[in-house]
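Student: So that we are looking at the same thing, I have put the structure below in structure tokens.
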Amino acid sequence: MLLIVAFISLGTFAQVDKKDQMEQHHETHNMNHDIDSEAHAMMYADKVTTRLNLTHEQKEQIQQAHLKRLESQKEMMAKMMSESGNMGSDNAELKKQKMKIQQDFKDEMKNILSSAEYKEWQPMYEREMKMEGKDKYKNKNKN
């Protein structure tokens, strides 16, 4: 009987520790996220500017558009994490939000780039989206 109580207690403590670790991870991630978003947006703007030979003004606009996209995704993920109890039922809604964020970004890029530049940018963007999906799939397999 004593062994059963000991195993139940250990299981309970392990779950509490895991929850604490998750909360600490999210706090740390949120503190660094703003810096990471800005750096990521800057790198993306640099890459697109270099590949398409864009102006400095276009580069700044792309950086702002990408930062806006990242912040929208961050908000969506935060909402999803806060409502984690009913993730399965919101999967279709989540997918709609993701698609809207992506479409808004494409629309902004269409306004920033000329039609020829936009045609060059589209395959880059599609490749990036495919790679992002593959990276997520690889990370799921590692866990």
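Student: Once both labels are modelled 7 Å past Cα along the beta-carbon direction, what's the residue 119-residue 98 spacing in nm?
Tutor: Spacing of the two 7 Å Cα→Cβ label points: 3.1 nm.
Student: Filter 79/100; 59/79; 59/98; 47/119; 59/130; 47/100 down to the pairs with a C-alpha to C-alpha distance above 21 Å, please. Can you show the working numbers first?
Tutor: On the way: 79/100 16 Å; 59/79 30 Å; 59/98 24 Å; 47/119 16 Å; 59/130 23 Å; 47/100 24 Å.
Where the Cα-Cα span goes over 21 Å, the pairs concerned are 59/79; 59/98; 59/130; 47/100.
Where a number appears in this text, it was derived from the coordinates with a stated rule and is not lab data. In this text, all values refer to a predicted model and were calculated from it rather than measured experimentally. Backbone-built Cβ (ideal geometry, glycine too); neighbour counts: all protein chains shown.
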